[in-house]
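See below for the structure under consideration.
The values are calculated or read from the model by the stated rules, or taken from the named source; none is laboratory data. What you are looking at is a predicted structure, and each value in this text was computed from that prediction instead of being measured. Positions of Cβ are backbone-derived with ideal geometry, glycine not excepted, and every protein chain shown enters the neighbour counts.
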């Protein structure tokens, strides 16, 4: 069965890479563009990379379900895989709505008006308080199917939570927080996709150890999708991810955690985003994570020595390039993932 999952992941990676060749020109023709303000020349790039990931994930999940029905009979549940797929796509579409309405990352209202002045759809975007409410939509597919209400505590084992509390409160809370928090730590080329690769690699390792094959399937396919997207998202990026991509990844984190019964492991992996959430709360969620480009190509913080984002720890020094900061965060997530695997093994 592992071979079929890996082959589906390969299909997902190839589909993601190929779809980028077709979708990027369409985004440009549609006027869905923004400036990459972390570059001296501030190049105009297509925005909303979540569409590329949707195609890759869909191809991977569909190929695995086809293998399950026609080739193998294993401990997989097509229903669960489809519910996870539905949840992730719904969350990505919520992000896409925000991208359409001018809430995309790395660009100001003035930039949008200048770059796409003929497109009236670009306006004030979705308000901050509306985003968590809209992302509740993505929790619905994960609520209608009873996955059980056990949660694994390291050193203790499985503990049962009241099903009503788990389904009505904890699942929506997990989906809303994961999708919105992942969206907060963004703004530098590669940071979202590179940290996402580490997340889903860690999920895959633990899911395989626990023999949670539904969670394993989604996490491996997600890893493959992000790997296929890396060509477009790494520094220097060929596309700006937008909310459609960050909500997609955050939603996938929640879906894998719930489907694979790895909830507390997911919380541990999300430590950087939890800290980011707390830092952004100090600024009432109006602080940005990107920097101000200097003449030497390095980035400085727009807030001086004040820290309203984890990226400001590096930006305030003004001596690091964009790709270096993204690499720092990738390494940090690798260390956290390694520690998490040690604790939850």
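Using beta carbons and a limit of 6 Å, which pairs, at least six apart or on different chains, have the first residue in segment 318-338 and on the phi < 0 side of the Ramachandran plot and the second one surrounded by fewer than 16 Cβ atoms within 10 Å (Cβ to Cβ) and in a helix (DSSP H, G or I)?
Every condition considered, the pairs that remain are 336/271.
Answer yes or no as to whether residue 210 is at pLDDT 95 or above and farther than 25 Å from residue 319 by Cβ. Before you say what the answer is, go through the steps one by one.
Numbers: at pLDDT 95 or above: no; farther than 25 Å from residue 319 by Cβ: yes.
Answer is no for this residue.
Please determine whether any residue of segment 57-76 is in contact with a helix residue (DSSP H, G or I) (Cβ under 7 Å, 6 or more places away or on another chain), modelled with pLDDT under 90, part of a loop (DSSP other than H, G, I, E, B) and closer than 21 Å to residue 180 by Cβ.
Taking every residue of segment 57-76 in turn, none turns out to be in contact with a helix residue (DSSP H, G or I) (Cβ under 7 Å, 6 or more places away or on another chain), modelled with pLDDT under 90, part of a loop (DSSP other than H, G, I, E, B) and closer than 21 Å to residue 180 by Cβ.
Considering (1) within 26 Å of residue 48 (Cβ to Cβ); (2) crowded, with 20+ Cβ neighbours inside 10 Å; (3) in contact (Cβ under 8 Å) with a residue 60 or more places away in the chain, say which one residue 315 fails and leave the rest.
Single failed check for residue 315: (3).
Please go through (1) under 24 Å from residue 191 (Cβ atoms); (2) crowded, with 18+ Cβ neighbours inside 10 Å; (3) out of contact with any strand residue (DSSP E or B) (no Cβ under 6 Å at 6 or more places or on another chain) for residue 59 and return the number of the only condition it doesn't satisfy.
Checking residue 59 against (1) under 24 Å from residue 191 (Cβ atoms); (2) crowded, with 18+ Cβ neighbours inside 10 Å; (3) out of contact with any strand residue (DSSP E or B) (no Cβ under 6 Å at 6 or more places or on another chain), the one that fails is (1).
Results for (1) in contact with a strand residue (DSSP E or B) (Cβ under 9 Å, 6 or more places away or on another chain); (2) modelled with pLDDT of 95 or more; (3) within 30 Å of residue 216 (Cα to Cα), shown as yes or no for each residue.
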| site | (1), (2), (3) |
| --- | --- |
| 17 | no, yes, yes |
| 29 | no, no, no |
| 54 | no, yes, yes |
| 84 | no, no, yes |
| 90 | no, no, yes |
| 96 | no, no, yes |
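So, residue 274, is that one under 17 Å from the mean Cα position of the chain (by Cα), closer than 23 Å to residue 137 by Cα, surrounded by fewer than 22 Cβ atoms within 10 Å (Cβ to Cβ) and modelled with pLDDT of 95 or more or not? It would help to see each step written out before you state the result.
Details: under 17 Å from the mean Cα position of the chain (by Cα): yes; closer than 23 Å to residue 137 by Cα: yes; surrounded by fewer than 22 Cβ atoms within 10 Å (Cβ to Cβ): yes; modelled with pLDDT of 95 or more: yes.
Yes; evaluated as a whole, the condition is true for this residue.
If residue 111 satisfies all but one of (1) modelled with pLDDT under 75; (2) in contact with a strand residue (DSSP E or B) (Cβ under 6 Å, 6 or more places away or on another chain); (3) under 21 Å from residue 256 (Cβ atoms), what's the number of the condition it fails?
(3) is the only condition that residue 111 fails.
Kindly indicate whether any position in segment 321-335 is out of contact with any helix residue (DSSP H, G or I) (no Cβ under 8 Å at 6 or more places or on another chain) and in a loop (DSSP other than H, G, I, E, B).
Scanning segment 321-335 turns up at least one residue that is out of contact with any helix residue (DSSP H, G or I) (no Cβ under 8 Å at 6 or more places or on another chain) and in a loop (DSSP other than H, G, I, E, B).
On the given criteria, is residue 157 surrounded by 17 or more Cβ atoms within 10 Å (Cβ to Cβ), more than 15 Å from the chain's Cα centre (by Cα) and modelled with pLDDT under 70?
Details: surrounded by 17 or more Cβ atoms within 10 Å (Cβ to Cβ): no; more than 15 Å from the chain's Cα centre (by Cα): yes; modelled with pLDDT under 70: yes.
Here the answer is no, as residue 157 does not meet what is asked.
Give just the number: which of (1) more than 17 Å from the chain's Cα centre (by Cα); (2) more than 17 Å from residue 37 (Cα to Cα) does residue 297 not satisfy?
Condition not satisfied by residue 297: (2).
Filter segment 258-271 down to residues that are touching a helix residue (DSSP H, G or I) at 6+ places or on another chain (Cβ under 7 Å) and at pLDDT 95 or above and give me whichever is nearest to residue 48 (Cα to Cα).
Per the stated criteria, the residue is 270.
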